[in-house]
Structure formats: C-alpha cells, structure tokens
Amino acid sequence: MKICGREFSLDIIRRIQEAVDATPALSRQALSRQVCEWLDWKGQNGRYKEMSCRVALLRLHRRKQIKLPEPRDKKALFNSGKSKEIAVDFPAVSGALADLGAIEVMLIESGDREHSFIWNSMMGKYHYLGSGPLCGAQIRYLIKSSKYGWLGGLSFSAAAWHVTSRDRWIGWSEEARRAHLHLVVCNSRFLIRSDVQVPHLASHILSRCVNRLDADWLKRYGYKPVLLETYVEQERFLGTCYRAANWQHVGATKGRGRQDRCRQYAVPVKDVYIYPLRPDARDILVEEICPGQQTQPGQWIPTDWSEEEFGRVELGDKRLTKRLMSIARDFYARPQAAIPQACRTRAKTKAAYRFFDHPEAQMDTLLSQHYTSTVNRCKAENIILAVQDTTSLNYSAHPAMEGIGPIGSSKEGAIGFLVHDTMAFNLEGTPLGLLDVQSWARNPDEFGKKHQRRNLPIEQKESYKWLKSYEKVNKAQQSCPETVFVSVGDREADIYELFQMATKKESLAKLLVRAEHDRMLKDGQGHLWEHLTGLEASGIQELSVPRQKHRPARIAKMEVRFAEVYLNPPVNQKHLQPVRIWAILASEIDAPADQASLEWMLLTTCPVHDFDQALEKLRWYALRWSIEVYHRTLKSGCKIEERQLGAVGRIEACLAVDMVVAWRIYHLAKLGREVPDVPCTVFFEDAQWKALVAYITKKPIPPKEPPTLREAIRMTASLGGFLGRKCDGEPGTKSLWLGLQRVDDLAAMWMLMMDFIHSTADPPPS
C-alpha cells in the first residue's frame, strides 16, 4: 500500500512489526529512522524524511496494520530541554524608515533558543495567529533596528495542499502538484508590531526577505523554492504591503478549513497572493514527471553542488551535460589527481578526454551556469567585493602544446597563457563564486614591443580585460538591486578608461583600485600624491602586517588621509573628460629602519566623507588578497598546470571545471568559519560524513545526528595533515584538498561495508 507517497510492502510491514516486538523500549523516533534507512527515504537535501515516516507509521497503526510502541511523555521531554525565559522589551516606535538606523533581517538558526523565544514572544503578543505550530519545512526571521531593537518577525513554511486560485494561476496537474508542491513556500507569519508606526517598513522587509530566502532555504534544505504564497484575511487586512512589494493577487479562498470535510464554510475568507522567485517558476511547476524520470528541462531542481553549478549548461546534448557534472564530481573528490586517477576507470577517463576536445566545450559556455548561481548567492548579501586579478599558467614543461605563448619576462623564457578572473566575496571574505573569466595567449611575434602598443585604442590592449570584467560586475549589479557591488583591482587596474566607465550614469557598480600613476589633478591642485600628503591626517590606524619571505610580521601605524579629487585625462587622451573620484592615502609612520614603509593610495567611486568610511574602504581592499589564495588553490590544489591535454582549447575546457572545483574547496574552508554550526550535510553526503566520523572516532556506529560543518571540516583537514592545536586556528585550503581525497575513499569503503552488512542480514519472513 502507498502512504505519504511511499510504497509499504507486506515484507516491510512485517519487518516493522518484528522490530517493535523485538525491542519493546524502542521509541517511535528511533523506529522512523530505522524505517527510513530500510526504504532509503530521503528528501531533497539528502536527509532522512523522519517526520513523513512518522506520519506513515501512525497511519499504519490506525489501520491496524502494525502496533506502534506507546508514545513517550511528551510534556516531560519538552520541559526537560526548556530554556530559561529571558526578559524582552518591545518599545513603541514611530517615525520615518531612515530614523530606524540599520535594519537587520536575522535568520533564526536551528537550536537558537534565545532568538526563538523572542520570536515566539512577539508572535504570541502581537500576531492574531500566535506563534505556531508551523507546518513542514520552515524558516523564521527576526527584524531588528540598531536604535529600537526588535520590530517584528516573519516565517516561511510548507505551502497549502490545495488552493483553487493559486492552482489555477500555476496551471499544474494533480501529478505535477504532488511532485512540485515542495517548491512552493508559504509566508505563514508576517509581523510588524502594532506599536511600530513606520511607513514603508513592511514592504521594505518583504523585499529583503524575498531576495535572501532562496539562498537560506538552499543552505538549510538543499534546494531552492521557486514560488512564494501568502494568505491575508479580508476582514482584518488590505494586503497593502504585499502589493507594494510586487506580490500578485490571484484570488481568494473559499473559507473552508483544512479539516472541513462536511463542506461547511467555517473560517474567514482570505486573499491569495503569490510571488515568483524566478521568471520560469510556472514552467517548472507545471512540468510533468514520468515514472522513473528525474528532472526535465523546465523543472530544474539541483540535487547536489555539481548540478547547481553545471546542471543547466546548454551543450546541445543532455549527455554532455551529465558528463560535465560527472567530471566535476570526480575532480572535486580527488583534487590533486591526474585525470586518469580522478576518473578511476578507463571508460570515464576516455570520456573526459573526449569531452574536453568537444567543440561545444568552450570555457564561457561551461561556466555560464556557475555565473548565474554566483549572482543568486550574491543576492543574500548587502555588499559584494568583486575582486579582479590576473594569473599566468606556466606550461614550459609542455612546449609542444598548441596555442600557448610567452608569459613573464623575455629572460625567463616561460610559455603558457594568462587568465583574468573576477571572484565575488562577501565582507567576511567568503568566496561566493566567479563572475567572469577571460583567458588568452600572447602572440610571440609581438612579445617585447610594449612601446608600439601604447598608442593603440584601449579595446586593442591587454588591459581592456579590466573594463570587460567591470561590465560583467555591472551586469550582476543590475540583477541584484538590493546588493552593492564593488569592483576591486590592484595597481594594474589604474586605467583612466576604467575610471571613466565607472563614473557614467548608467554604471551602477562601484570601483575601488589601488593607484599606480601619480595623475595630474584638475584646477591646479597639482599631482595626486602631492595633494593628499599635503592634507592633515584624519586619524591613525594600526594594521597587522603578516610575515613574508624577506619581512617579519609587525604592527604598522598608518596615517590615513582622504579627499575628493578630479583626475585629468592623460596627456595623449585630451579628448576624454576629467573624472570625479575619492582618494584615500594610508602611509606608515615610524617604520623599522630595515623595512620599507607601507603605503596605499586607493581610488574609489564610493563616497568617503569621514575617517570610518576611509577605514572601511581600506578593509575592503585588504580582502583583495583572498583571490591570491584562490589562485594558489587552483594551481597547487587542482594541479591545473600539470594537465596534459595537448592544446589550449582543451586546457581551457578543463580549466573551467577546475576553477569551480577550486572555488568550492575555498568556499568550504571559509564557510566553516562563517557559519560553523550548520549541519555538515550542506556540503557532505550521508556516506561521507558517516565514514569520516567512524574513521576519526574509531567507532563503527556513527551518531544519529550529523556533526556541524566546522567539526566535519576539521576532521577532513586532519586527514590532510591539520593538527588542530590551539595555536593552529582553522584549517586552510591545502589541508582540505588533501583530506578530501581520503574522504572519498573512506565513503566508498563505507558503502561497500553497508552493502555487505545488508546482504548478509537475515531477510524478513515471507
């Protein structure tokens, strides 16, 4: 029989009853987990669907198919873990939106009892529905003002099973509704306290939550919703805030409750509002799922990271896309391995080489979906630092490779090609993905003729890469209006045409560049350095200088000066207009006699009006070094310079995969520091974390609950040489990429052991 969408055979039913009879003290929770393991009953995030299984077991019990153990004392269990109540003050607030100060939309993490209590307290006091319970998968947010404290809260939970007006708008069939209902999420609570009288606050909060919900839902449940719904009682509210936030009104309910089997209109009529999270939401929801079929072109639900980054790459043949995802998984499992070692079998190795030689396997095409996923991840951030940098790939050991050219100086004689990439970082330094990648090989005939290229238009120069990358950043900015994008570059990016592009009215993205040239200023202000050094210092900031090859670590005292300036165009470009920009000069004072003093001159289109804003821009630029870590991960971790593919075209196709793999390794290392307490299942598969925990703890039976992400990362890094001493800090990318190779081997052995155990177990009686 089929219950809760799952088939329960007679053998399974007999097996369940035998387990109950054999262990009278067995809890219903433990039983549901055991049944999930038997049926391999998992959700989109890879976790066992224990609650659905619990419902199914209860229905079997009521149908007298099985006899469940007696339920535990729920009240005692609840009270045993009850947290201490805390006093919460909710002051009245009135005024304009700008008077609230910084407004934070705070995600309530699982197990966060303090903020859960605040949310429950507000909902119980101010919301007519109270605090719960909420149905199914759920996420809750708190709204906080830096001046006035807690203002309200929201929750998103499982959608209603059947709503005529919503279903009519979607146009899905009964089968499609059953298959895709989890992609619809209900805004089940929305509260701005009644004593908070601030115009436009509600629509502002709704817009911010909509922009971050898909990323938060993906992190918690492993998939992204495509449609939001909510219900507004007609007798109580007008739905003004939803209309202001661009939600669509699609009709009204019939006034029947969930349990109204007698067709009696017993509950208030509610207006139905929806909000598509993506333009093709309706196409995804109406797509029919055939038996045994997984995803269709219009119904794209990523099942793992490789599908998230490569699953929608258009290569003209679905088999090529599947091959691309398979290669990505293999490369990630064994980052340092050569292609045959990573693919492991002769057939997969041959398929990988054929894929890289395929005419459709172009770098921009292979990275197209990753670019889109990066932009989607950026929507959850307030500020994104889009760091640009150029690195060279040295293939001097493979001089016969087609399409490579000189790199470095003529004396070195190195050959290879160059890559200019743009990586999106949040303010914590966590890489969110690539926004742009450009690659090229220099012409050997033009090498060493820089003076001849000086008078060429910018479009014909190698430095045009900075402008092209800024255009990509600006395009991402247009897709994320709630997020501020700042393009960050080193001294090589000190290009006047770039400043001119960034100061145009149609350019929304900001620019932050370290100055290289002492440019002439407008209106007789002299040169850039002369003008800034002549200003009085606005403050002194201490800076921790890390140790380098010929320099010990030290604390540097930096004098900070800033000013708004107008840069004159270069002498040979008089046709260009002066550009308005802010300059920040940070100069070291009292530097050691044997060490060169530090000095940063930054140019930015971001307004700088005080000392704190100047320090903010200095901190932003300091994060530019994060892309150097990424390049080291790409070269040393993924061994891209050791790939032997014979031609640049094949190398570029392989590079596209390796760059995403390197990003994921770096992302994992940084995310373990940013959100250490989330379950490790956001990155690790079920077999991986179980095998890892069993190996590290030397215990054959893993715990019921997965470890946190931080714990799993430290265990993985320990396989790569990380010692975990107090002085070691958190693991870096090197120990991670070394450890990941062993994790994959452990997981493979774990699955073999589990298959052997299940095959030798006594079968249920027939």
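Taken together, the residues in the range 674-691 that are in contact with a Ser or Thr (Cβ under 8 Å, 6 or more places away or on another chain) and part of a helix (DSSP H, G or I) amount to 3. Residues that are of a type outside the set (A, V, I, L, M, F, W, C) and touching a Phe, Trp or Tyr at 6+ places or on another chain (Cβ under 6 Å) within the range 463-488 comprise 477, 487, listed in sequence order. Within the range 536-557, can one find any residue that is among the hydroxyl-bearing types (Ser, Thr, Tyr), exposed (fewer than 14 other Cβ atoms within 10 Å of the Cβ) and assigned by TED's automatic domain parsing to the domain that holds residue 587? Looking for residues that are among the hydroxyl-bearing types (Ser, Thr, Tyr), exposed (fewer than 14 other Cβ atoms within 10 Å of the Cβ) and assigned by TED's automatic domain parsing to the domain that holds residue 587, one finds at least one in the range 536-557, hence yes. Per this entry, residue 715 is not counted among residues that are at pLDDT 80 or above and under 16 Å from residue 334 (Cα atoms). Does the range 141-153 contain at least one residue that is under 30 Å from residue 48 (Cβ atoms), surrounded by fewer than 19 Cβ atoms within 10 Å (Cβ to Cβ) and at pLDDT 85 or above? No, the range 141-153 has no match at all. None of 622, 647 is touching a strand residue (DSSP E or B) at 6+ places or on another chain (Cβ under 6 Å) and more than 16 Å from residue 434 (Cβ to Cβ) except 647.
Listed by first and then second residue, the pairs linking a residue in the range 731-756 that is farther than 18 Å from residue 718 by Cβ to a residue that is surrounded by 17 or more Cβ atoms within 10 Å (Cβ to Cβ), with Cβ atoms under 7 Å apart and 6 or more places separating them unless they lie on different chains, are 751/687. Scanning the range 147-163 for residues that are more than 26 Å from the chain's Cα centre (by Cα) and either farther than 16 Å from residue 205 by Cα or not in a strand (DSSP E or B) (or both) yields 147, 148, 160, 161, 162, 163.
Of the strands (runs of 3 or more DSSP E) lying entirely inside the range 507-567, those containing at least 3 residues that are at pLDDT 90 or above are 510-514, 554-567.
Scanning the range 298-309 for residues that are modelled with pLDDT under 90 and outside any loop (DSSP other than H, G, I, E, B) yields a total of 5.
Tally up the residues in the range 694-721 that are among the β-branched types (Val, Ile, Thr) and surrounded by 23 or more Cβ atoms within 10 Å (Cβ to Cβ), please. Selection size over the range 694-721: 2. Only a single item in (1) among the small types (Gly, Ala, Ser); (2) surrounded by fewer than 20 Cβ atoms within 10 Å (Cβ to Cβ); (3) at pLDDT 90 or above is not met by residue 493, and it is number (2).
Close Cβ contacts (under 7 Å, 6 or more residues apart or on different chains) running from residues in the range 420-446 that are assigned to a loop (DSSP other than H, G, I, E, B) to residues that are among the aromatic types (Phe, Trp, Tyr) comprise 441/417. Close contacts from the range 474-488, counting a first residue that is aromatic (Phe, Trp, Tyr) and a second that is crowded, with 20+ Cβ neighbours inside 10 Å and assigned to a helix (DSSP H, G or I), with Cβ to Cβ under 7 Å and a gap of 6+ residues or different chains, come to 485/473; 485/476; 485/477. Annotation: of all residues in the range 130-146 being of a type in the set (A, V, I, L, M) and assigned to a loop (DSSP other than H, G, I, E, B), the one that is nearest to residue 179 (Cα to Cα) is 137.
Within the range 692-715, which residues are under 27 Å from residue 377 (Cβ atoms) and either of a type in the set (Gly, Ala, Ser) or outside any loop (DSSP other than H, G, I, E, B) (or both)? 692, 708, 709, 710, 711, 712, 713, 714, 715 - these are the residues of the range 692-715 that are under 27 Å from residue 377 (Cβ atoms) and either of a type in the set (Gly, Ala, Ser) or outside any loop (DSSP other than H, G, I, E, B) (or both). Taking the criterion of being in a loop (DSSP other than H, G, I, E, B), within 19 Å of residue 645 (Cα to Cα) and in contact (Cβ under 8 Å) with a residue 60 or more places away in the chain, the residues of the range 310-356 that qualify are 334, 335, 336, 337, 338.
Of all the criteria given as (1) part of a helix (DSSP H, G or I); (2) surrounded by fewer than 20 Cβ atoms within 10 Å (Cβ to Cβ), the one not satisfied by residue 194 is (1).
Filtering 523, 594, 518 for residues that are surrounded by fewer than 16 Cβ atoms within 10 Å (Cβ to Cβ), touching a His at 6+ places or on another chain (Cβ under 6 Å) and over 30 Å from residue 433 (Cα atoms) leaves a single hit, 518.
For the range 577-590, indicate whether the set of residues that are at pLDDT 80 or above, farther than 19 Å from residue 513 by Cβ and surrounded by 10 or more Cβ atoms within 10 Å (Cβ to Cβ) is non-empty. Yes, the range 577-590 contains a residue that is at pLDDT 80 or above, farther than 19 Å from residue 513 by Cβ and surrounded by 10 or more Cβ atoms within 10 Å (Cβ to Cβ).
When residue 452 is tested against (1) at pLDDT below 90; (2) more than 30 Å from residue 650 (Cβ to Cβ); (3) not in a helix (DSSP H, G or I), just one condition goes unmet, and that condition is (3).
Looking only at residues of the range 219-254 that are closer than 23 Å to residue 199 by Cβ and among the aromatic types (Phe, Trp, Tyr), we find that the one that is surrounded by the fewest Cβ atoms within 10 Å (Cβ to Cβ) is 237. Residues in the range 476-491 that are of a type in the set (Asp, Glu) and over 17 Å from residue 210 (Cα atoms): 490 only. Among the acidic types (Asp, Glu), at pLDDT 85 or above and in the same structural domain as residue 237 (by TED's automatic domain parsing): which single residue out of 271, 260, 280, 330 fits that description? None of the others qualify; the one that does is 271.
Each residue in the range 624-649 was checked for being in a helix (DSSP H, G or I) and closer than 26 Å to residue 740 by Cα, and 16 pass.
Just one residue in the set 371, 395 is buried (at least 22 other Cβ atoms within 10 Å of the Cβ) and either outside the structural domain of residue 747 (by TED's automatic domain parsing) or within 30 Å of residue 277 (Cβ to Cβ) (or both); that residue is 395.
The values are calculated or read from the model by the stated rules, or taken from the named source; none is laboratory data. Owing to the predicted nature of the structure, the values given are computational and were not obtained by experimental measurement. Here Cβ is always computed from backbone atoms with ideal geometry, including for glycine, and neighbour counts include all displayed protein chains.
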